[in-house]
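Input: a single structure, listed below in structure tokens.
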Amino acid sequence: MKLIFLGPPGAGKGTQALGVSSRLNVPHISTGNMLRAAVRNETPMGLAAKKFMDAGKLVPDEVLIEMVRERLSMVDCKPGYLLDGFPRTVEQAEALEQIASPDRVINIAVPDECLLDRLTGRRVCGKCSGTFHISKLTDPGVCPVCGWTLTHRDDDQPVTIRQRLKVYHEQTAPLIGYYEGKGKLRTVDGDCAPEEVLASILAALE
Ligand code: AMP
């Protein structure tokens, strides 16, 4: 199964992708995680990408398309993939059609007013990629799943979040119509408990 998770920042794409990719036995490919690893490793691409990420803007299409092309050519993608955070522009979606066209696109819908709180309170585990809201943590610095240190992403600050939402509406939301037109889109309500969102996604994949 070749699957895309679409949705605004903070919709829960990463959280849901962890559960769904293991059930479907396909790799979870998060372009945001790949870029953050490149930034940490100070690769030339990572250093160039960082200024776009810190400003809440999209990294140029050609960089992302090449990165995803290379990743999808790896052997673990033979059974399919779950892409989280790609495509984010129509140009990326058209490139993906040429590389490995998706079977299904899940649009996780969450109203903007919920996203600011979700993102400012979001803490991320650098080891297991778990994502948690600060209000649910007994120790806001420690991952409740694996015990690793939790961090607050640099781009999860209010000013950057507003910019990321603007970019989402201008550049990524048009993909909803794009995939609807191809008959591949299923929209699920992301404004409920994670287990309920997971159940809706699994139902949409049947
Ligand atoms: P994410 O973790 O998916 O929220 O991505 C974090 C940041 O990485 C985004 O705000 C962008 O700056 C960059 N990024 C991730 N995926 C893409 C993409 N498909 N196209 C352009 N930039 C991306």
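The values are calculated or read from the model by the stated rules, or taken from the named source; none is laboratory data. Being a predicted model, the structure only gives us computed values, none of them experimental. Cβ sites come from the backbone with ideal geometry, for glycine too, and all protein chains shown count toward neighbours. When the accessible area is computed, the model is the full protein with side chains, heavy atoms only, and any ligands, DNA or RNA have been set aside. Shrake-Rupley method; radii C 1.70, N 1.55, O 1.52, S 1.80 Å.
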Residue set Arg123, Arg186, Arg164; condition farther than 30 Å from Ala95 by Cβ and basic (Lys, Arg); output residue Arg123
For Arg153, are the conditions met, namely being of a type in the set (Lys, Arg) and open to solvent by 50 Å² or more (accessible area, probe 1.4 Å)? no
When the residues of the range 14-25 are narrowed to those that are open to solvent by 10 Å² or more (accessible area, probe 1.4 Å) and in contact with a helix residue (DSSP H, G or I) (Cβ under 9 Å, 6 or more places away or on another chain), which ends up nearest to the ligand (Cβ to nearest atom)? Gly14
May I ask you to verify whether Glu113 is over 27 Å from Ser73 (Cα atoms) and away from the ligand (no atom under 16 Å from the Cβ)? yes
Residues in the range 109-121: is at least one within 22 Å of Leu58 (Cα to Cα) and of a type in the set (Val, Ile, Thr)? yes
Checked pairs for the range 1-22, first part of a helix (DSSP H, G or I), second of a type in the set (Asp, Glu), C-beta under 8 Å and 6 or more apart or across chains, list as Lys13/Asp84; Gly14/Asp84; Ala17/Asp84
Wholly within the range 104-166, strands (runs of 3 or more DSSP E) carrying at least 2 residues that are farther than 30 Å from Lys182 by Cβ: 122-125, 131-133
Odd one out for Gly126 among (1) at pLDDT below 95; (2) more than 26 Å from Val26 (Cα to Cα): (2)
Selection over the range 34-44 where residues are within 15 Å of the ligand (Cβ to nearest atom), in a helix (DSSP H, G or I) and surrounded by fewer than 17 Cβ atoms within 10 Å (Cβ to Cβ) yields a count of 2
Name, by its number, the condition in (1) at pLDDT 95 or above; (2) closer than 28 Å to Phe132 by Cα; (3) among the hydroxyl-bearing types (Ser, Thr, Tyr) that does not hold for Thr15. (1)
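Just to be sure, is Gln98 within 30 Å of Cys192 (Cβ to Cβ) and assigned to a helix (DSSP H, G or I)?
Considered against the rule, which asks whether it is within 30 Å of Cys192 (Cβ to Cβ) and assigned to a helix (DSSP H, G or I), Gln98 comes out as no.
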Determine whether the range 52-73 contains at least one residue that is under 21 Å from Val105 (Cα atoms), in a loop (DSSP other than H, G, I, E, B) and more than 14 Å from the ligand (Cβ to nearest atom). yes
Subset of the range 46-62, residues under 17 Å from the mean Cα position of the chain (by Cα), among the hydrophobic types (A, V, I, L, M, F, W, C) and surrounded by fewer than 17 Cβ atoms within 10 Å (Cβ to Cβ), comes to Phe52
Assess whether Leu83 counts as being in a helix (DSSP H, G or I), under 25 Å from Gly12 (Cβ atoms) and either within 9 Å of the ligand (Cβ to nearest atom) or within 15 Å of the chain's Cα centre (by Cα) (or both). no
